[in-house]
Amino acid sequence: MHLKSVLGVLAATLLCGAAHAQDPIKIGVLSDMSSLYADIGGPGSVAAAKMAVADFTKDHPNVKVELVSGDHQNKPDVGTSIANQWFDVDKVDMIIDVPNSGVALAVSQVASQKNKLFIVSGAAASDLTGPKCNANTIHWTYDTWMLANGTGKAMVKAGGDTWFFLTADYAFGHALERDTSAVVEANGGKVLGKVRHPLNTSDFSSFLLQAQTSKAKVIGLANAGGDTINSIKAASEFGIVAGGQKLAGLLVFSSDVAALGLQTANGLSLTETWYWDANETNRAWTKRWQAERTGKFPTMIHAGVYAGILHYLKARVALGGNPDGKTITAKMKETPTDDPLFGKGMIQANGRKVHDAYLFEVKKPAESKYPGDFYKIISTIPAAEAFRTLKDSGCPLVSG
């Protein structure tokens, strides 16, 4: 009887272990689902996540993955509340996306405290891999340092040596203004002034009047999504470009160009790390994505969600079992990245994913041959130049 009892306990233990090993991997897509960043992330990020899971599990049918999604409403307290609920109660293993740097910085701290994983695709603040870095966060798609050193440097070299900033008044805008100001001044330019506007502003007239009065050659738009769209529309109505000043869209997405139309957006310089129409692979991926997002065009944020999930799942399979956040993050850093959308790359010790970036100019209406034919490429910025070097990041993980 004693032997039977021991064997019974052992069998039950093995069955529990087997059930645990088959527990699904849970991924949470946390985004702006209903406001000014909904087109650059939002439902499009959920669609990209579904594609990544479908593509990975097609080759790994024994891997079970569940997706959940939530709307952070561009409020850090809402974002942290969802993150805590997902990690503590719903047993979510990883959170991805989070356009809005204020929310992303808060969620990054939650991931660190809970020893879970956070992959940033939507937020831009370079502080996420700088002074505010941690061992549980990976920043995938782009950041403010990259944007500044792409668009900012190019415009100064082209003669735009005096700047005035129109800045979204929160962490992202401040970081983009800071990083671009540094680039402008390092290349011999001068910042004449700045004005900060609330998030999700509808009336930019008073802010643009200050920019116009400054006589700066370049008005740097340190904002994104709906704020960028509204500020560019207002600038067009004010006749700012016609008056000789240039607009620098420091963070412009293909969805913004679609909303503005080429008549309004043409001539804008911008930097991105992925463009839907760059090659046949991207076009084929976009066609699949559009099956769920009819009439839309994916952004680099959507591409980052797809690629980030693929790399995460590869690392999970390589490790087996249910690794904690720091373990899976370390595995992702030590494994070279390789996916259909960004190609080969790597993740630095501070969590910064490194790949090429591209300087684009928005086409004139007459140059566009079909819907979504938005950009002409000006130059490729190699990965080694596109992002801040590890030694200059200021990340405590790599100090010294």
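Specify the residue that is farthest from Asn74 (Cα to Cα); the eligible residues are those in the stretch 140-190 that are acidic (Asp, Glu) and in contact with a Lys or Arg (Cβ under 8 Å, 6 or more places away or on another chain).
This residue is Asp161.
Looking at the structure I just gave you, is Val103 open to solvent by 50 Å² or more (accessible area, probe 1.4 Å), among the hydrophobic types (A, V, I, L, M, F, W, C) and at pLDDT 95 or above?
Spelling it out, it is not the case that Val103 is open to solvent by 50 Å² or more (accessible area, probe 1.4 Å), among the hydrophobic types (A, V, I, L, M, F, W, C) and at pLDDT 95 or above.
Would you pick out the residues in the stretch 297-310 that are closer than 20 Å to Met346 by Cβ and either among the charged types (D, E, K, R) or in contact with a helix residue (DSSP H, G or I) (Cβ under 6 Å, 6 or more places away or on another chain) (or both)?
If the condition is that a residue be closer than 20 Å to Met346 by Cβ and either among the charged types (D, E, K, R) or in contact with a helix residue (DSSP H, G or I) (Cβ under 6 Å, 6 or more places away or on another chain) (or both), then Val305, Tyr306, Ile309, Leu310 are the ones that fit.
Take the stretch 144-170 and flag every residue that is open to solvent by 10 Å² or more (accessible area, probe 1.4 Å) and assigned to a helix (DSSP H, G or I).
Trp145, Asn149, Lys153, Ala154, Met155, Val156, Lys157
Quick one: in the stretch 311-324, which of the residues that are over 20 Å from the mean Cα position of the chain (by Cα) and assigned to a helix (DSSP H, G or I) is surrounded by the most Cβ atoms within 10 Å (Cβ to Cβ)?
It comes out as Arg316.
Restricting to the stretch 365-383, count the residues that are of a type outside the set (S, T, N, Q), farther than 14 Å from Trp276 by Cα and at pLDDT below 95.
4
Name the single residue that is farthest from Gly130 (Cα to Cα) among those in the stretch 378-400 being without any contact (Cβ under 8 Å) to a residue 40 or more places away in the chain and β-branched (Val, Ile, Thr).
Thr380
Residues of the stretch 171-193 being open to solvent by 30 Å² or more (accessible area, probe 1.4 Å) and either within 23 Å of Phe360 (Cβ to Cβ) or in contact with a Leu (Cβ under 8 Å, 6 or more places away or on another chain) (or both), which ones?
Within the stretch 171-193, Ala171, Ala182, Ala186, Asn187 qualify.
Within the stretch 220-269, how many residues turn out to be assigned to a helix (DSSP H, G or I) and of a type in the set (Val, Ile, Thr)?
5
Being touching a residue at least 40 places away in the same chain (Cβ under 8 Å) and either buried (at least 24 other Cβ atoms within 10 Å of the Cβ) or touching a Leu at 6+ places or on another chain (Cβ under 7 Å) (or both) is the filter here, so list the residues in the stretch 129-143 that pass it.
Passing the criteria: Thr129, Cys133, Ala135, Asn136, Thr137, Ile138, His139, Trp140, Thr141, Tyr142, Asp143.
Restricting the stretch 325-337 to residues that are over 19 Å from the mean Cα position of the chain (by Cα) and surrounded by 14 or more Cβ atoms within 10 Å (Cβ to Cβ), which is farthest from Ile40 (Cα to Cα)?
Thr327
The values are calculated or read from the model by the stated rules, or taken from the named source; none is laboratory data. Predicted model, so just to flag it, every value in this text is computed and none were measured. All Cβ positions, even for glycine, are placed from backbone atoms using ideal geometry, and neighbour counts span all protein chains on display. Note: areas computed on protein heavy atoms with side chains; ligands, DNA, RNA excluded. Shrake-Rupley method; radii C 1.70, N 1.55, O 1.52, S 1.80 Å.
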